[in-house]
Amino acid sequence: MNQQGTNRVKRGMAEMQKGGVIMDVVNAEQARIAEAAGATAVMALERVPSDIRRDGGVARMADPRITEEVMKAVSIPVMAKARIGHIVEARVLEAMGVDYIDESEVLTPADEEFHLLKERYTVPFVCGCRNLGEAARRIGEGASMLRTKGEPGTGNIVEAVRHLRQVNSEVLKVVHMSEDELMTEARNLGASYEFLREVKSLGRLPVVNFAAGGVATPADAALMMELGADGVFVGSGIFKSESPEKFARAIVEATTHYQDYQLIAELSKNLGIAMQGIEISKIAAGERMQERGW
Amino acid sequence: MKRIGVLALQGAVREHLQTIEACGAEAVPVKKPAELLDLDALVLPGGESTTMRRLIDRYRFMDPLRDFAETGKPMFGTCAGLILLAGEVAGYEEPHLGVMDVKVERNSFGRQIDSFEADLEIKGLDAPFNAVFIRAPHIISAGPDTEVLCEYDGKIVMARTAQFLGCSFHPELTSDHRITEYFINMISVEHQSITI
């Protein structure tokens, strides 16, 4: 008996991405560059986060033509973004055969109260989180993979570092907690009791957790791996740099060999100019993408 | 104690390491070619074959891996690992390692939404094996010295050629360790199994 869309199949797909780099692309040419550089998947979208930030307006699911073009161009998995709570964008992406959907705060939320009930879909989902409570709620809704939110489109790693440290320290706290403290911790985090019991017994999150939102250099990618990320998403950091091919390759290699510092020094030489970064304090509170989702 | 390496460039490395340890052997992640020395066997895990191939080339792993294959020590490829071992990959002019006498097709069950779990009847196992297929390849054709160990839906999904074992699915994602045990047992019979 053949079963599709099970947790094992959906979470397993993310397990196969571990140690890899998932790159944002906006057309077939960029997708081919990403694949040739060793990306484990590409994220098809209409504008990279830094352009969304610059242009403003409502950011939506990409034109399906772009996503299809990318799907035809590469043999690696293709992910695509749907707005938070946008049931129809998600169903459309699923119908198109996209391999993974990112219910993403990079796009303008369609629903400010409810996320998608992701367990109802055959296609797996990745969602952003800043702490263990958000992680628990997204997994509870059926997300099969997590990523830090960071602050997308900034080229500034500080928020991704904050979020990954926060999630991991909360996981560690739960792992070392006495069983009789879990219920109160569940209430405090807004997580289910069963979820915390699972984290405690596994000693880690039950799904893969990537870093995202601010990775701009090979050293940034390696830093996130050092801090315990399972892999890295790079949004604007590649195709907003001076030489995307070089950055893409160097970031892939630094992610694999994240503790080989001599190598990372070599990889970082002569890459050209990285994407221009933004100081987080210069972004108005209402424009911080990480505040989207709950 | 038997020392089994897992190629640790990308993919489901942790699961293979844990499964090997659960079977009572020593598990060693292999990130550099020098780490292939002193191993009794090697696992090529699931992941993205294009990514692994780029990293294999970049860090000059290809010759050391082929040398390892020539020693007669067992090698086990799961999913992307099977693609790396295969002698021929449909639609591509060159194979990767090209050491196992099978022809494979990538993503041959469809995209991720077509990925599935199924109970398989595998030769040599007494009871069905619950297998997870993720954007899986399958073996289109196998050479005369290849033993087909499992077919699913008319497709070859597990086979052995001498010291090379390959499967389309991910035994490392389940808690059933029988296939890894089978692979570890190939170590002791390695010399009898070199027939090619």
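No lab work stands behind these numbers, since they all come straight from the coordinates. The model shown is predicted, which means the values in this text are computed figures rather than measured ones. Glycine gets a Cβ as well: all are built from the backbone with ideal geometry, and neighbour counts include every protein chain shown.
Remark: A:87, B:156 ranked as A:87, B:156, counting other beta-carbon atoms within 10 Å and listing the fewest first. Counts of other chain beta carbons within 10 angstrom of each beta carbon in peptide A:32-39 average 3. I'd like the GluC sites (Glu not before Pro) in region A:223-277 restricted to DSSP loop residues with at most 11 other Cβ atoms within 10 Å, sorted by number. Taking region A:223-277 and a limit of 11 other Cβ atoms within 10 Å, the loop GluC sites (Glu not before Pro) found are A:242. Ignoring the sites themselves, what is the longest stretch of chain B with no trypsin sites (Lys or Arg not before Pro) in a DSSP loop and at most 13 other beta-carbon atoms within 10 Å? Free of exposed loop sites, the longest segment is B:124-196.
Panel values: region A:84-163, Kirkwood radius from alpha carbon pairs, Stokes-Einstein at 37 °C and 0.692 mPa s, translational diffusion coefficient 252 µm²/s.
Evaluating kT/(6 pi eta Rh) at 25 °C and 0.890 mPa s, with the Kirkwood radius of region A:1-110 over Cα pairs in the Stokes-Einstein relation, gives 170 µm² s⁻¹. Can you find, among B:56, B:98, B:140, the residue sitting farthest towards the positive end of the charge dipole of region B:47-162, where Lys and Arg contribute +1 and Asp and Glu -1 at Cβ? About the Cα centre, the residue reaching furthest to the positive side is B:56. What FRET efficiency comes out for the pair residue A:55/residue B:94, r = Cβ-Cβ distance, R0 = 41 Å, nearest 0.05? Rounded to the nearest 0.05, the efficiency is 0.40. Using a/c under 1.5 as the rounded threshold, could you call region B:1-57 rounded, prolate or oblate? The axes a ≥ b ≥ c are square roots of the C-alpha gyration tensor eigenvalues, and prolate needs a/b larger than b/c, oblate otherwise. It comes out oblate by the Cα gyration axes.
Using the charge dipole of chain A (Lys, Arg: +1 at Cβ; Asp, Glu: -1 at Cβ; taken about the Cα centre), state which of A:212, A:286, A:98 has its Cα farthest towards the positive end. Among A:212, A:286, A:98, the one farthest towards the positive end of the dipole of chain A is A:98.
For region A:170-232 versus region B:117-196, the inter-centroid distance based on Cα atoms is 34 Å.
A straight chain from residue A:202 to residue A:270 at 0.36 nm per residue would run longer than the Cα-Cα distance by 20.2 nm.
Dipole magnitude for chain A: computed about the Cα centre from +1 point charges on Lys and Arg Cβ and -1 point charges on Asp and Glu Cβ, it is near 100 debye. Just to be sure I understand: with springs between alpha-carbon atoms less than 10 Å apart, which residue in B:153, B:101, B:40 has the highest mean-square fluctuation in the Gaussian network model of chain B? So, out of B:153, B:101, B:40, the one fluctuating most is B:153. Global dimensions of region A:1-66 from alpha-carbon coordinates: Rg and Dmax equal 15.1, 50 Å. With springs only between Cα atoms under 10 Å apart, run a GNM on chain A and tell me which of A:121, A:100, A:258 wobbles the most. The residue that fluctuates most here is A:121.
Is the protein assembly as shown best put as rounded, prolate or oblate by its Cα gyration tensor, with a ≥ b ≥ c the root eigenvalues, rounded for a/c under 1.5, and otherwise prolate when a/b is larger than b/c, oblate when not? It is prolate, given that a/c is not under 1.5 and a/b is the larger ratio. When the P(r) is computed for chain B, the part past 21 Å accounts for 45% of the Cα-Cα pairs. Placing unit charges on the Cβ atoms only, positive for Lys and Arg and negative for Asp and Glu, gives the protein assembly as shown a dipole magnitude near 820 debye about its Cα centre. Here the spin labels are modelled as points 7 Å beyond Cα on the Cα-Cβ line, and at residue A:181 and residue A:63 they lie 5.5 nm apart.
Is the C-alpha gyration tensor of region A:146-294 telling us rounded, prolate or oblate? Criteria: a/c under 1.5 is rounded; beyond that, a/b larger than b/c is prolate, otherwise oblate. Oblate shape, in that a/c is at least 1.5 and b/c is the bigger or equal ratio. Given the DSSP H assignment, sum -39500 (n - 2.57) over each helix run of at least 4 residues in the protein assembly as shown and divide by its residue total; what's the result at 222 nm in deg cm²/dmol, nearest 500? The helix-only estimate for the protein assembly as shown comes to -10500 deg cm²/dmol at 222 nm. Residues considered: B:159, B:27, B:118. Largest GNM mean-square fluctuation over chain B, using C-alpha springs under 10 Å, is found at B:118.
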